[in-house]
Ligand code: UTP
């Protein structure tokens, strides 16, 4: 008998954080609207989700995020103006940002009580099915989109899954860190997970990054869960509890390059990389960078 396809069609985008690392910009501009070249961070996440077969997009927002809702609205005046000018290419770009009616939902997290709490806020929209969680400030350049790599692997594993990558040992205290059975495998079985451990206590250098597939059991755990590291309700703690319950959790070493666009250095690195990948910018921008190189050496 052919194997039953496990489908993940809903994705939660927790975007209710304060974005303090980008103040003062994030005083009025949601971090997810900040652009790499000319596309907001959120657009990269939405495109990745679509390519993985996501049909319903659930945003967990907070006060001051209305620009995000406006971004996904249709823009008839702009579309008409471009149509009149015969600017078909830009019209196509603009239309690709439109979301189908009813495909997108917003729910508020009234207090930034942590990522786990943000996901829990979406519980009624998720219902009783596995779902993806995507953090838009992790932008991943990959031939096969990261979430698609995960949903493909999920066909084999079921259960919950996190995306993982190696980080330098001295950075382990900034991440959720995995304890896995088979550290060298692309798809590893997770034995344990600890949020922001002291470097000496980190069970490995495999960090959890902002892509997850989560089973509804995790929502039940979040319902009971107290705050963890940093006084926040941690999603990794709720996923780790799955292991204690005897349910499988896997970690996928995805293929691709992840940019931490929640940090200034990561955001700048992503900007340079994405600009260099754009045909229309490549020549001008790379010659600018070449001219800059001697100045950088002097500054060092
Ligand atoms: P971060 O840890 O990057 O926090 O959250 P932040 O508030 O966005 O940014 P900084 O650290 O103050 O600069 C990771 C993701 O989890 C969401 C954030 O919006 C981001 O997408 N999040 C975090 C919530 O939705 N709610 C929370 O309570 C915390």
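For (1) within 19 Å of the chain's Cα centre (by Cα); (2) more than 23 Å from residue 166 (Cβ to Cβ); (3) touching a residue at least 12 places away in the same chain (Cβ under 8 Å); (4) surrounded by fewer than 11 Cβ atoms within 10 Å (Cβ to Cβ), each residue gets a yes or a no:
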residue: 218; (1), (2), (3), (4): yes, yes, yes, no
residue: 224; (1), (2), (3), (4): no, yes, no, yes
residue: 241; (1), (2), (3), (4): no, yes, yes, no
residue: 260; (1), (2), (3), (4): yes, no, yes, no
Residue tally, condition outside any helix (DSSP H, G or I) and either within 16 Å of residue 109 (Cα to Cα) or touching a helix residue (DSSP H, G or I) at 6+ places or on another chain (Cβ under 6 Å) (or both), over region 58-75: 8
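So how many residues does region 34-50 have that are within 12 Å of the ligand (Cβ to nearest atom) and either closer than 29 Å to residue 158 by Cα or assigned to a helix (DSSP H, G or I) (or both)?
Restricting attention to region 34-50, the residues satisfying the condition of being within 12 Å of the ligand (Cβ to nearest atom) are 34, 41-42, 45.
Those left that are additionally either closer than 29 Å to residue 158 by Cα or assigned to a helix (DSSP H, G or I) (or both): 41-42, 45.
Selection size over region 34-50: 3.
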Do we find a residue being part of a strand (DSSP E or B) and over 22 Å from the mean Cα position of the chain (by Cα) anywhere in region 182-205? yes
Given the conditions (1) part of a helix (DSSP H, G or I); (2) buried (at least 20 other Cβ atoms within 10 Å of the Cβ); (3) more than 16 Å from the ligand (Cβ to nearest atom), report the number of the one that residue 213 does not fulfil. (1)
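Between 73, 152, 88, which is on the phi < 0 side of the Ramachandran plot, more than 16 Å from the ligand (Cβ to nearest atom) and modelled with pLDDT under 90?
Details: 152 fails: modelled with pLDDT under 90; 88 fails: modelled with pLDDT under 90.
Of 73, 152, 88, the one residue that is on the phi < 0 side of the Ramachandran plot, more than 16 Å from the ligand (Cβ to nearest atom) and modelled with pLDDT under 90 is 73.
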Could you say which residue among 190, 194 is closer than 27 Å to residue 152 by Cβ, in contact with a strand residue (DSSP E or B) (Cβ under 6 Å, 6 or more places away or on another chain) and crowded, with 16+ Cβ neighbours inside 10 Å? 190
Please enumerate the residues belonging to region 234-276 that are over 14 Å from residue 44 (Cα atoms) and in a strand (DSSP E or B). 249, 250, 251, 252, 253
If you take the residues of region 13-26 that are touching a residue at least 24 places away in the same chain (Cβ under 8 Å) and assigned to a helix (DSSP H, G or I), which of them is nearest to the ligand (Cβ to nearest atom)? 21
Every residue from region 94-117 that is within 18 Å of residue 132 (Cβ to Cβ), at pLDDT 90 or above and surrounded by fewer than 16 Cβ atoms within 10 Å (Cβ to Cβ): 103, 105
Residue that is assigned to a helix (DSSP H, G or I) and surrounded by 14 or more Cβ atoms within 10 Å (Cβ to Cβ), where the choices are 82, 78: 82
Yes/no for residue 266 being in contact with a helix residue (DSSP H, G or I) (Cβ under 9 Å, 6 or more places away or on another chain) and surrounded by 15 or more Cβ atoms within 10 Å (Cβ to Cβ): no
Checking the condition in contact with a helix residue (DSSP H, G or I) (Cβ under 9 Å, 6 or more places away or on another chain) and free of Cβ contacts under 8 Å to residues at least 60 places away in the same chain, which residue from 173, 160 passes? 173
Does residue 54 satisfy the condition of being modelled with pLDDT of 95 or more, under 30 Å from residue 128 (Cβ atoms) and not in a loop (DSSP other than H, G, I, E, B)? no
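Just to be sure before I move on: is residue 54 closer than 25 Å to residue 152 by Cα, surrounded by 14 or more Cβ atoms within 10 Å (Cβ to Cβ), in contact with a helix residue (DSSP H, G or I) (Cβ under 7 Å, 6 or more places away or on another chain) and touching a residue at least 40 places away in the same chain (Cβ under 8 Å) in the structure I sent? Before you say what the answer is, go through the steps one by one.
Working: closer than 25 Å to residue 152 by Cα: yes; surrounded by 14 or more Cβ atoms within 10 Å (Cβ to Cβ): yes; in contact with a helix residue (DSSP H, G or I) (Cβ under 7 Å, 6 or more places away or on another chain): no; touching a residue at least 40 places away in the same chain (Cβ under 8 Å): yes.
No, not satisfied.
The values are calculated or read from the model by the stated rules, or taken from the named source; none is laboratory data. Owing to the predicted nature of the structure, the values given are computational and were not obtained by experimental measurement. Cβ sites come from the backbone with ideal geometry, for glycine too, and all protein chains shown count toward neighbours.
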